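Accompanying notes for the structure given below.
What follows draws every value from the coordinates through simple rules; no lab data is involved. None of these values were measured; they are calculated from a predicted model. Note that we place each Cβ from the backbone using ideal geometry, even for glycine, and neighbour counts take in every protein chain shown.
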Ligand SMILES: Nc1ncnc2c1ncn2[C@@H]1O[C@H](COP(=O)(O)OP(=O)(O)OP(=O)(O)O)[C@@H](O)[C@H]1O
Ligand SMILES: [Mg+2]
């Protein structure tokens, strides 16, 4: 088997926000293969969102670069769709109008005889159907539950058949049950759409259950701690039972240990002990 | 009782009919207090007419005087000055709220200008444009424009960055982002800004009509003072209040009609 051609190439990537002394990201080298489901995890503030925003073209790197199919990324574009955690839907548009927002679709040119436009219209209905949003097509986003809103956001991102789907904690604001449902949905979509997915999450179980590779970032400055290629069935063939399977739990443990080792947990423990010491002193004996 | 409990709960719910009943009670209390004070004889009727005296004067003004002309003239001036200010302020506000260089250039200037006392411009305006219609329009414009620009730019800055970034990743051009996202997202706030500044436009209209006019409600109030017609002064003041209230409610209705997504749940 030959290695699939890299879809995204990240080389020597660094990012320092203006006015900050410490870089948010430093010397990141990473290849994302075509059709891969990659998860980014790491302690809070390690630069996961920054890396995703750089790939999306919403931030400019201070050093190094990112290439999509050998073309340098210089700004945002519909071939790299983004699903944000929250507040990205347009509240004045209905579900259907939100899904059809993408400007590169010919839907907006108003040429009814256009075959491309016709297929985009068809695709929008099909996507809403898959997402279980058929009944709420003409609702406004604020009439929907959080889970439904994220489904609209995903449908909107998938509309233009992006090369890459970038997701920043897309299920972070959802309850546990809704999240389980969304996991199955995103795996099925991944199988159907065959796009490359880069998925940022706080939830290690979510990362190892969904992804084929997990990248652990270490903070201060943000850098790659390690890349774990999971010895699990391909994402398209996974089922909820796997969440309790020993091999998955083993991967969860491995990744969690790396995150703990790279984050300031020990530091925090010292602070807690100091606080406990102060509390003891104040207690009258 | 849940009714009583929710009545006084913070940001609690109040039914439509209860709201209307309380609003009517508020007005009734005000009228009753006014009537009692006027009827008690404690205050000279020259200073405080009775409510029914005011209503009679209103009828007389409408029947024998030029109430309708005065009303039309005043409403025309307010809408003229206000529309001119809005048409000029909204685009600039959108640009200030969207582009940092535009903000840097205009915002401090506007902040300065809005503290210039509009009323003190009256002599200048009369020197520049005389006492014709343009004088009233100019004063209303001076009194509302700068505030409007700053408030609209604030409305625009409230647009969540995520909405703008989502549009960028969906292939929208800069112009499309401004017209399809920033403007649409800020529009309900802009309508609220217009509703609030419309109230100020009325204030400056009266100022202009008090000092430099020979028609309109403000001028009528001034003339009534010369003839010690306190009841007519009252009619003028109350009419202006009522007109403001009607326009305000009109814009609120427009808000509910034009932005259903804010009012459906
Ligand atoms: N716009 C910004 N300006 C300045 N510093 C920033 C900005 N955005 C992020 N940072 C800093 O860069 C570092 C990385 O932030 P980032 O949001 O990428 O982390 P993260 O891994 O996504 O964190 P979290 O898990 O909390 O979402 C942090 O130290 C953060 O404070
Ligand atoms: Mg983040």
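A few remarks follow.
- For the pair segment A:5-65 / segment B:225-265, the C-alpha centres are spaced 56 Å from each other.
- Here the gap between residue B:99 and residue B:75, fully extended at 0.36 nm per residue and compared with their Cα-Cα distance, gives a gain of 5.1 nm.
- With R₀ fixed at 51 Å, the C-beta to C-beta distance from residue B:8 to residue A:268 puts the FRET efficiency at about 0.70.
- For the protein assembly as shown, a/c is not less than 1.5, where a ≥ b ≥ c are the root eigenvalues of the C-alpha gyration tensor, and a/b tops b/c. That puts it in the prolate class.
- Contact order relative to length of segment A:1-145, as percent, for alpha carbon pairs under 8 angstrom and 6 or more apart: 19 percent
- Per-pair calculated FRET efficiency, R0 = 56 Å: residue B:46 and residue A:104 via Cβ, rounded to 0.05: 0.15
- Three-way shape label, chain A, alpha-carbon gyration tensor, a/c 1.5: prolate
- Computed E for residue A:86/residue A:282 - FRET, C-beta separation, R0 45 angstrom, nearest 0.05: 0.65
- Subtracting the Cα-Cα distance of residue A:250 and residue A:44 from 0.36 nm times their residue separation leaves 71.9 nm of extension gain.
- Using a simple spin-label model with pseudo-atoms 7 Å out from Cα toward Cβ, residue B:245 and residue B:128 lie 3.6 nm apart.
- Packing-based exposure ordering (other Cβ within 10 Å, fewest first) of A:167, B:36, A:148, B:60: B:36, B:60, A:148, A:167
- Note on chain B: with a GNM built from Cα contacts shorter than 10 Å, the maximum mean-square fluctuation among B:31, B:228, B:170 falls on B:170.
- Just so you know, the Cα atoms of segment A:15-142 work out to an Rg and Dmax of 18.4, 56 Å.
- Degrees between helix A:146-158 axis and first principal axis of chain A (Cα, 0 to 90, nearest 10): 60 degrees
- Approximating the spin labels as points 7 Å out from Cα along Cα→Cβ, the residue B:60-to-residue A:134 distance works out to 7.4 nm.
- Neighbouring partner chain Cβ atoms per residue of B:155-165, average, 10 Å criterion: 3
- Short to long, the 10 Å bins of the Cα pair-distance histogram for segment A:130-182 hold 22, 53, 24, 0 percent of all pairs.
- Mean-square fluctuations from a GNM of chain B, with a 10 angstrom spring cutoff on Cα atoms, peak among B:208, B:220, B:167 at B:167.
- Between residue A:241 and residue B:263, the modelled label-to-label distance comes to 5.5 nm, taking each label 7 Å out from Cα in the direction of the beta carbon.
- Each of A:189, B:242 has some number of other Cβ atoms within 10 Å of its Cβ, and from fewest to most they run B:242, A:189.
- Per residue Cα convex hull volume in Å³ - calculated over chain B: 189 Å³
- Principal-axis tilt of helix A:176-193 within chain A, Cα atoms, nearest 10 degrees: 50 degrees
- Fraction of beta bridges assigned by DSSP in chain A that are antiparallel (%, nearest 5): 50 percent
- Angle between chain B longest axis and helix B:217-226 axis [Cα atoms, degrees, rounded to 10]: 30 degrees
- What the Cα convex hull of segment B:118-235 gives, in volume per residue, is 120 Å³.
- GNM top mover of B:236, B:26, B:143 - chain B, alpha-carbon springs below 10 Å: B:26
- Under the Debye formula (equal points on every Cα, no solvent term), log10 I(q)/I(0) of segment B:1-93 at q = 0.17, 0.26 Å⁻¹: -0.92, -1.19
- Segment B:156-174 residues near the modelled residue A:114 label - backbone nitrogen below 18 Å, point 7 Å along Cα→Cβ: B:170-174
- If both residues of a DSSP beta bridge must be in the protein assembly as shown, then about 50% of such bridges are antiparallel.
- Mean projected area of the convex hull spanned by the Cα atoms of segment A:75-220, taken over all viewing directions: 9.8 nm².
- Taking the helices alone, chain A has a mean residue ellipticity at 222 nm of -11500 deg cm²/dmol, built from -39,500 (n - 2.57) per DSSP H run of at least 4 residues and averaged over all its residues.
- The residues A:202, A:139, when put in order of fewest to most other Cβ atoms within 10 Å, stand as A:202, A:139.
- Sequence-separation-based contact order of chain A, relative, with Cα cut under 8 Å and 6+ spacing, percent: 24 percent
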